[in-house]
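All remarks here apply to the structure that follows.
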Amino acid sequence: MELLGLSPALLALFVSFGFAVGVLFGFFGMGGSFLITPTLLILGYPAPVAIGSGLAFYFGTSVIAVLKHYDVGEVDYRLGAVLFVVLSIGIELGSRLVFGLEALGIAELVTGVAYVVLLAGIGLLFLRRAYRLEDVEDDETVSDEEIPPVARRIQSYEVPPMLSLTSGGRASLWTILGSGGGVGLVSGLIGVGGGFIRMPAIYYLIGTPLTAAVGTSLFAGLFSGAFGTFTYGLSGGVDLAVVSLLLVGSALGARIGSAATTIVEEDDVIVYFGLMMVLASAGIGLSELADWLGTSALDVLSVVLLVGSSFAVAAIILSQVLTSAGDGETDTPSATDGK
C-alpha cells in the first residue's frame with residue numbers, strides 16, 4: 001500500500017530522517033542540504049529534484065527554528081540582515097567562479113576537495129576548542145569564554161563604522177562584510193546553503209555567543225532558502241510529497257533542537273558540532289572517492305555514514321534534553337518538600 005506515491009518504508013524513513021535533521025538544524029544552525037540532497041540522489045531522485053527539495057526543506061525548517069530562537073531572544077536581526085546582503089553577493093561571485101573552473105575542466109575536483117577540507121577543518125577547529133574548554137571550571141572564566149579568543153582579538157581592532165551586536169559588544173562592519181562575503185563565495189563555489197560555514201564564521205570571526213550565532217545564522221540563511229525554493233519550484237524541481245514528509249518530522253525536531261541550545265552545556269555543543277562535521281567530511285569524501293572509482297558500494301556507505309551520524313548526534317542531544325527535563329521534574333518536588 002502506497003501513500004503519496006511512496007512505500008511505507010520510505011514514508012517512515014523521510015519522517016524519521018526529517019526529525020533527526022530538524023534536531024541538528026535547530027541545534028547547530030546549519031541547513032540539512034548536505035544531508036538531504038545526497039540521500040535523495042542515492043535513492044534515485046534526479047539531481048534538480050534532490051537539490052530543489054533539499055532547499056525547500058531548508059526553508060521550511062528555517063522558519064520553524066528561527067521562530068523558536070526568537071522566543072528565547074537568540075537572533076540578531078540587524079546582523080542577520082547585513083549578512084544576507086553580502087552572502088548573496090558572495091554566492092553570485094562563487095557561482096561565476098565555478099563556471100570559470102568548469103571551463104578549465106577542474107570544477108568538480110576543486111569543489112569536492114573544498115567540501116571535504118572545509119567540513120573536516122571546521123570540525124577539528126571546534127573539537128580543539130572543546131578540548132581547551134574541558135578543564136575550565138570557574139564560572140566567571142566560562143562567561144569570558146563565551147566569545148572565542150580569536151573573535152575578541154578581532155573585535156579589539158575598532159575600524160569604523162562599528163555595528164553594535166544584540167548579544168553585546170561591537171564588531172566592525174568591515175569584519176562582517178568580509179566574513180559574510182567569504183562565506184557566500186565558498187557557498188556559491190561548493191553549491192550548498194553554507195550553514196555549516198556561516199555559523200562558525202559568526203561565532204569565530206564576528207564574535208557572538210554560540211547560541212546567538214546559531215539563531216542569527218538561521219535567520220541570515222532564511223531568505224536565500226526561500227529564493228532557492230522559488231527558483232527550483234518554478235521548474236518542477238521540488239517534490240512536495242518528500243518535502244512534506246521531511247517537514248512533518250522536522251517541525252518537532254527543529255523546535256527541540258533550538259530549545260536544546262539553552263539546556264546543553266556550550267562545550268557539549270562544540271563537541272557535537274565538531275564530531276558531526278568530521279563524520280560528514282568522511283561521508284562526502286567517500287562519495288567523491290566512489291565517483292572517481294565508479295564504485296556504488298562506497299556511495300551507499302557514504303550515505304549510511306551521513307544518515308547514521310545525524311541520527312546518532314540527534315539521539316545524544318535528545319538524551320541530554322530528556323535528562324535535563326527529568327532533573328527539573330525531580331528537583332521541583334524536593335523544593336516543595338523543603339518549604
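Nothing in this text is a laboratory measurement; each read-out follows from the coordinates by a stated rule. Since we're looking at a predicted model, the values are computed, not measured. All Cβ positions, glycine included, derive from the backbone under ideal geometry; neighbour counts span all protein chains shown.
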Original post:
Hey, if you put +1 on the Cβ of every Lys and Arg and -1 on every Asp and Glu Cβ in segment 8-329, which of 161, 275, 109 ends up farthest toward the positive end of that dipole?
Top reply: 109
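Run through segment 260-314 and list the GluC sites (Glu not before Pro) located in a DSSP loop whose Cβ has at most 15 other Cβ atoms within 10 Å. Write down the numbers at each step before the final one.
Working: sites: 265, 266, 288; in loops: 265.
Passing both the DSSP loop test and the Cβ count: 265.
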Original post:
Which of 211, 175, 21 sits farthest toward the positive end of the charge dipole of segment 8-329, with +1 on the Cβ of Lys and Arg and -1 on the Cβ of Asp and Glu?
Top reply: 175
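Which peptide among 79-90, 226-237, 247-258, 204-215 comes first, and what is the full order, when sorted by highest mean count of other Cβ atoms within 10 Å?
Working: 79-90: 20.2, 226-237: 15.5, 247-258: 23.5, 204-215: 25.2.
In decreasing order of mean packing, 79-90, 226-237, 247-258, 204-215 become 204-215, 247-258, 79-90, 226-237.
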Original post:
When only Cα pairs under 8 Å and 6 or more residues apart are kept, what is the percent relative contact order across segment 8-329?
Top reply: 38
Original post:
Which ³J(HN,Hα) values, rounded to whole Hz and listed in residue order, are derived for segment 272-281 from phi using the Karplus coefficients 6.51, -1.76 and 1.60 in 6.51 cos²θ - 1.76 cosθ + 1.60 with θ = phi - 60°, glycine and proline given as x?
Top reply: 4, 5, x, 4, 4, 5, 5, 5, 5, 4
Original post:
Fewest to most neighbouring Cβ within 10 Å: what's the order for 185, 109, 35?
Top reply: 109, 185, 35
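Peptides 91-104, 297-310: what's the order by average Cβ count within 10 Å, highest mean first? If you can, show how the numbers build up before the last one.
On the way: 91-104: 14.4, 297-310: 18.4.
Final packing ranking: 297-310, 91-104.
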